[in-house]
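K.L.:
Have a look at the structure that comes next, please.
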Amino acid sequence: MSQYSDLLYEGKAKKVFKTPAPDQYYLEFKDSLTAFNALKKGTFENKGQVNRDIAARVFEYLGGRGIASHYVRAEGRNGMVVKKVEIIPFEVVVRNVLAGSTAKKLGIEEGVALSEPLVEFYLKNDELADPFVSEEQIRIIYKIANAQMLEIKNYALKINEYLKELFLGIGIRLIDFKVEFGKDGQGNVLLADEITPDCCRLWDIKTNEKLDKDRFRRDLGSVKESYEDVKQRLMQVLK
Ligand code: UDP
């Protein structure tokens, strides 16, 4: 239970609470796991705490490298105080290696390295199952200026470089990941949501073993152990 009671929104993996500070929210990481637009549901003990610990360390690491995010501080067993932002309704995926639904859709074997990182946008809309949207669609239909998209794209690419380096240092290949951005009261674009094994593909460098949500999606077993492994490895390099 969190010390906050004013629940604003409950998502698939997190609850958002109001706090006494008008410009801050409290995010509580839940123990639930979902996949395939919540058609598949699961849970494991302490998942919320493990993901909060991972996300907090990753945000602190990125913050130290000039990547501004909504993260303020870790609080409680499985919570995080964040800056209030208005989420930009596009999920931004960066791929270093083709995997998952895109590899399947294009009929390309999973695991093919790309010659350069690929940034893709998906509309954040559960009812429509987060469809892919082109940059032209975003500009013309959603009226978001090219300059803003370019800013977000460059932000995502920078995050990719820092995350690749971080994970490489702990024996993990960053295959792909999804991030979300938000705008604060001053109109600054901040990295938001979370970076955890729920939204990244992480493969062990030596064994190619998956250490992320694909273990749950594909019933590979050892889901909890893999998330905990990622946390333990991160703790060795980030305090
Ligand atoms: N991803 C996510 N939320 C989504 C869709 C994708 O966090 O709603 C993450 C996913 O875990 C992976 C990356 O984004 O690390 C790319 O996912 P992909 O587009 O390959 O889709 P998937 O195979 O997960 O359906």
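The values are calculated or read from the model by the stated rules, or taken from the named source; none is laboratory data. Worth saying up front: this structure is predicted, and the values here are computed from it rather than measured. Backbone-built Cβ (ideal geometry, glycine too); neighbour counts: all protein chains shown.
K.L.:
Of all the residues that make up the stretch 90-119, how many are within 11 Å of the ligand (Cβ to nearest atom), in contact (Cβ under 8 Å) with a residue 24 or more places away in the chain and in a strand (DSSP E or B)?
P.N.:
Selection size over the stretch 90-119: 8.
K.L.:
Quick one: in the stretch 192-206, which of the residues that are assigned to a loop (DSSP other than H, G, I, E, B) and closer than 15 Å to V92 by Cβ is nearest to the ligand (Cβ to nearest atom)?
P.N.:
The residue in question is C199.
K.L.:
Could you tell me whether the stretch 155-169 includes any residue that is within 13 Å of the ligand (Cβ to nearest atom), assigned to a loop (DSSP other than H, G, I, E, B), loosely packed, with under 14 Cβ neighbours inside 10 Å and in contact (Cβ under 8 Å) with a residue 12 or more places away in the chain?
P.N.:
no
K.L.:
Where in the stretch 1-89 are there strands (runs of 3 or more DSSP E), lying wholly inside it, with at least 1 residues that are surrounded by fewer than 21 Cβ atoms within 10 Å (Cβ to Cβ) and more than 16 Å from the ligand (Cβ to nearest atom)?
P.N.:
7-10, 14-18, 24-29, 40-43, 71-75, 79-83
K.L.:
Continuing with this model, one more query. Could you go through the stretch 122-136 and let me know if any residue there is more than 15 Å from the ligand (Cβ to nearest atom) and either part of a helix (DSSP H, G or I) or at pLDDT below 95 (or both). Please lay out each step first, then the result.
P.N.:
Restricting attention to the stretch 122-136, the residues satisfying the condition of being more than 15 Å from the ligand (Cβ to nearest atom) are 135-136.
Going one step further and asking which of them are either part of a helix (DSSP H, G or I) or at pLDDT below 95 (or both), we end up with 135-136.
Checking the stretch 122-136: at least one residue is more than 15 Å from the ligand (Cβ to nearest atom) and either part of a helix (DSSP H, G or I) or at pLDDT below 95 (or both).
K.L.:
Taking the stretch 109-131, which residues are among the aromatic types (F, W, Y) and in contact with a helix residue (DSSP H, G or I) (Cβ under 9 Å, 6 or more places away or on another chain)?
P.N.:
F121
K.L.:
I'd like the full set of residues that are surrounded by 19 or more Cβ atoms within 10 Å (Cβ to Cβ), within 13 Å of the ligand (Cβ to nearest atom), of a type outside the set (A, V, I, L, M, F, W, C) and in contact (Cβ under 8 Å) with a residue 24 or more places away in the chain, limited to the stretch 207-226.
P.N.:
Filtering the stretch 207-226 for residues surrounded by 19 or more Cβ atoms within 10 Å (Cβ to Cβ) gives 210-216, 223, 226.
Filter once more, so that each one left must be within 13 Å of the ligand (Cβ to nearest atom): 210-216.
Add one more test, that the residue is of a type outside the set (A, V, I, L, M, F, W, C), and what stays is 210, 212-215.
Matches in the stretch 207-226: K213, D214.
K.L.:
Sticking with this one: Take the conditions of a type in the set (V, I, T) and more than 17 Å from G100 (Cβ to Cβ) and apply them to T207. Does it pass?
P.N.:
Against the criterion (of a type in the set (V, I, T) and more than 17 Å from G100 (Cβ to Cβ)), T207 qualifies.
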